[in-house]
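Written below as structure tokens is the structure these notes are about.
Just so it is clear, none of the values below were taken in a lab; they were calculated from the coordinates. Quick caveat: nothing in here was measured; it's all calculated off a predicted structure. With ideal geometry, Cβ positions are generated from the backbone for all residues, glycine too; neighbour counts draw on all protein chains shown.
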Amino acid sequence: MTIDTPAIRHIADLGIPYEVTDHGPVRSLEEAAAARGMDPDDLIKTIVVRKGPDDYVLVLVPGMRVIAWPRLRSLLGVNRLTMADAEEAKGVTGYERGTITPFGLKRPLPVIADERIAGKRVSIGGGAHGVGVMIDGDALIQATVAAVADVTDPR
């Protein structure tokens, strides 16, 4: 069976080598990493962050890390940031929480990638529950035109 989502179509259209994993429902990041046969830090979370009214950025966060809010605020030159709630994130990206990816979005959004993504193979959301996409971290950064910075702390 072939998995077809806007994210997977977008990655394929870009000509980036990728591999789809369809492992079905999981209850945690650790379960998803195990199902994909990878280290939890190589599973990348795509977080929708609100800078202001209708002003969003995606932050790509390695699995066992969390956003370092003071560093992210400094990088973006703002005093306040908030995570978008589930409904807001879906409205902005077209994806439900747990499936969000920087590919195949409803509208282009700026992307910030934590520096730990570079130089290794990672897995990002595939646009559907239980679906991941294995991709080269450098290709992910290049394809999303991501700003790369140290924007996370250990969880």
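Side notes on the structure shown:
- Count of region 25-51 residues which are crowded, with 20+ Cβ neighbours inside 10 Å, over 12 Å from the mean Cα position of the chain (by Cα) and of a type in the set (Val, Ile, Thr): 0
- One residue from ASP153, ASP136 being in contact with a Lys or Arg (Cβ under 8 Å, 6 or more places away or on another chain), under 24 Å from ARG27 (Cα atoms), in contact (Cβ under 8 Å) with a residue 40 or more places away in the chain and not polar (S, T, N, Q): ASP153
- Hits in region 33-56 (condition: closer than 16 Å to ARG116 by Cα, out of contact with any Asp or Glu (no Cβ under 9 Å at 6 or more places or on another chain) and in a helix (DSSP H, G or I)): ASP41, ASP42
- Cβ-Cβ distances below 6 Å connect the following pairs, each with a first residue in region 79-91 that is without any contact (Cβ under 8 Å) to a residue 12 or more places away in the chain, a second residue that is acidic (Asp, Glu) and not in a strand (DSSP E or B), and a separation of six or more residues or different chains: LYS90/GLU96.
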